[in-house]
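Student: Before I ask anything, here is the structure I am working with.
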Amino acid sequence: MNLSMRLPFFPLFLFVVPLVLLSCARLEEPTHYPTLSEPVRAVLLQLPEADVQQRVDLRIAPELEQRLAALRTEQIRELIDYIVIGDVNQDRRPRSAIHALVLLARPPAPALRRAQLAGAIGDAVADGRVSRVTREFLVGQLRFLGGREAVDVLARALQDGELAEPAIVALLEMEEGLIGEHERLETLQTAYRRSHGSRRATLLRALGRLGDRSLLREFRQDAESTNIEIREAALDAIAAAGDPADGSRLLHALARATPATRLQAENRYVIFIDRIGRDDPEAGINLSREFFRRAYLDQRGQAAAGALRVLADLQGPDALDQIGAALQSHDPDLRAAALEIAARMPGQDVTRYWVEIVNNLEEAELRATILHLLAARGDRLALACVERSQRDPDPAVRQAAAHAASRLHGETAIALVDQAGATEIPITQPDLKQTLSARLQTEPDPERRTVVLLDELARATQPGEKGTILGLLAREGGDAALSAVRGALIDPDPAVREAATRALAEWPDARPTPDLLAVARGEDEERLRLIALRGAVRLVDRDPRLPAASKLAWYDEGMRIAWRAEERHQILASMQQVKDLAALRRTAQWLDDPATATQAATAALRIAAELSPSERAEARQTLERIARMEDPELRREALRLQGR
């Protein structure tokens, strides 16, 4: 259920995929790393300057592989200790060396090599003298290593307040074959049973992502906790588990939600009905239809959009009446969701449904909206309706019809004969996506997959084709793909710019954040600005490699750009995941704004709960301000944290 984003300016890009090769090309200056032992220095001098610490497809030159394999445990630790010096000097070679060691120790490499490396990493992770940023990097590398040895180190890291979150990310993202699903779940469950405070909330969210039902009794107990963060995380885990018995509990929590937490509670209930629908479609249809009706009447656009997506997934064309109602809403989120759902719903019967509505509608604005929808569907069955609408008395309808006619006339129709042997069905964008996806599955080399997509993008002439390819490039990631998608932000066609924005919003790391914020700052269309801003926040949230200071800087920029309270609430909820005084000060800045005060207070309290006693003393002024607010629950928590 993602919404996603146009750069005002960006240089022309080259369709070139750089080959990242750990080669034997030596640095020109032989005096590098004078304090390191000869074996470690020799390894670093053979590494490229490129940052390759997240690549799993590296080709390691034979001579370098031999040098890496010959490193002893104390020399690996020497490399680890040098990471922080490398970071200060913007030298990524020490990190790349550790990453290369990890790749060489992955199965089917000998277990002894894996045990040696996991042991060295485990000792460094447990050593409080090693910097936090280095320990977080090492924990993240364990997801590439895999095996029982890596899982044991991650299990210990889960007990460390600073490392619990990166350890969870490593466990959840570890590839199949490197860890069994039972082992992954059991490790998280064991850590959860031993946890408390913010770490317990983090583990609850992880178990919720896995849809674990075996600990529902404990989840329900935590849902009654006096700790706000644990209570909210437990409700999230309960929703993801999807036990029908918990429906009333989640609705009760929704009824009790404050303005600041209502959106989270609504999203949680949508996740719950989606999970119910996977097990019992009829029950899911009934719950989503009722929740859509309530949210629509209460003018809760995002909640109604979520319920509508679940309903459309379960009912298909039988949900068209609800989609039609959503298109008439004044809420931009709900209208955008309805358009997206209707555009991707297959079948000529669906096209006929929208054509009939256009032919019978009196409201010009809605006619124009549905004409844009018919353009996005790309089905020539709508051509007669579109051409007739070009003579409409309303200028907005004529403009929408002209755009749709251009799109539909430009499609390349490929005749597919159905079983009756008579119907011509045009191939539309979903078919292009399916064809390219199937082709990419046969290509194991990620760089080659990117080249294939860039070649297709260079040949594409229709906006829909370009949008499909841009979305596939987002899945691949990488520098060349990112350059191509960034370049599409200045395409003259608005549909291509939107597709590029959405692709950047789904990027596998946070590098497109400045691009998305530029769209949110400079785009004229509000809907696209919302997609860009939310996408930027989401990228920052889920990139575990971003330091806390960088995350806060991006959140600050997002708060400056945000023009609606809903997005500021979202960013404040993200800020509370950074557990330090700097984050507390950022949230406190928004206590004086009535539109954000409650959410800012909630975030500040959750941060303060994880601070050390000395840090909490610095937070006293903020806690005293919250203790004077009207919300009794916030007051109680602020007083509790002050020891009163």
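Student: Between a first residue in region 475-500 that is assigned to a loop (DSSP other than H, G, I, E, B) and a second residue that is among the small types (G, A, S) and open to solvent by 10 Å² or more (accessible area, probe 1.4 Å), which pairs have beta carbons less than 9 Å apart while being 6 or more apart in sequence or on different chains?
Tutor: Sorted first by the residue in region 475-500, then by its partner, the pairs are L489/A518; D491/A499.
Student: Separate question: Which residues, counting only those in region 253-271, are more than 19 Å from R293 (Cβ to Cβ) and of a type outside the set (G, A, S)?
Tutor: R256, T258, P259, T261, Q264, listed by residue number.
Student: Now for a separate question. Would you please name the residue that is nearest to the chain's Cα centre (by Cα), looking only at residues in region 224-258 that are among the acidic types (D, E) and open to solvent by 30 Å² or more (accessible area, probe 1.4 Å)?
Tutor: My answer is D236.
Student: For region 341-383: of the residues being in a loop (DSSP other than H, G, I, E, B) and within 20 Å of H409 (Cα to Cα), which is most open to solvent (accessible area, probe 1.4 Å)?
Tutor: Residue satisfying both the conditions and the ranking: P346.
Student: What is the residue count in region 558-578 for residues that are open to solvent by 40 Å² or more (accessible area, probe 1.4 Å), out of contact with any Asp or Glu (no Cβ under 9 Å at 6 or more places or on another chain) and farther than 18 Å from P594 by Cβ?
Tutor: Residues meeting the conditions: 1.
Student: Now a separate question. Can you tell me which residue is farthest from A201 (Cα to Cα) among those in region 611-630 that are open to solvent by less than 40 Å² (accessible area, probe 1.4 Å) and either modelled with pLDDT under 85 or touching a strand residue (DSSP E or B) at 6+ places or on another chain (Cβ under 9 Å) (or both)?
Tutor: Per the stated criteria, the residue is A619.
Student: Sticking with this structure for a sec: Looking only at region 234-279, count every residue that is part of a loop (DSSP other than H, G, I, E, B) and either closer than 18 Å to R309 by Cβ or touching a Cys at 6+ places or on another chain (Cβ under 9 Å) (or both) and tell me the total.
Tutor: The total comes to 1.
Student: List the number of the failed condition for S195; all other conditions in (1) crowded, with 17+ Cβ neighbours inside 10 Å; (2) of a type in the set (G, A, S); (3) part of a helix (DSSP H, G or I); (4) over 24 Å from the mean Cα position of the chain (by Cα) hold.
Tutor: (3)
Student: Say we look at region 49-69 and pick out the residues that are at pLDDT below 65 and among the aliphatic types (A, V, I, L, M); which of these is surrounded by the fewest Cβ atoms within 10 Å (Cβ to Cβ)?
Tutor: That would be V56.
Student: So which of A597, A583, A608, A601 is on the phi < 0 side of the Ramachandran plot, open to solvent by 10 Å² or more (accessible area, probe 1.4 Å) and at pLDDT 85 or above?
Tutor: Answer to the selection: A597.
Student: Open to solvent by less than 40 Å² (accessible area, probe 1.4 Å), under 23 Å from the mean Cα position of the chain (by Cα), acidic (D, E) and over 25 Å from D280 (Cα atoms): does that describe D333?
Tutor: Answer is yes for this residue.
Student: For the subset of region 384-418 comprising residues that are farther than 21 Å from R352 by Cβ and outside any loop (DSSP other than H, G, I, E, B), which member is modelled with the lowest pLDDT?
Tutor: Across region 384-418, the extreme among qualifying residues is G410.
Student: Can you find a residue in region 204-214 that is under 16 Å from A157 (Cα atoms) and outside any helix (DSSP H, G or I)?
Tutor: No, the conditions are met nowhere in region 204-214.
The values are calculated or read from the model by the stated rules, or taken from the named source; none is laboratory data. None of the values given here were measured: they were computed from a predicted structure. Ideal geometry is used to build each Cβ from the backbone, glycine not excepted, and the neighbour counts take in all protein chains shown. These area figures cover heavy atoms from the full protein model, side chains too; ligands, DNA and RNA do not enter into them. Shrake-Rupley method; radii C 1.70, N 1.55, O 1.52, S 1.80 Å.
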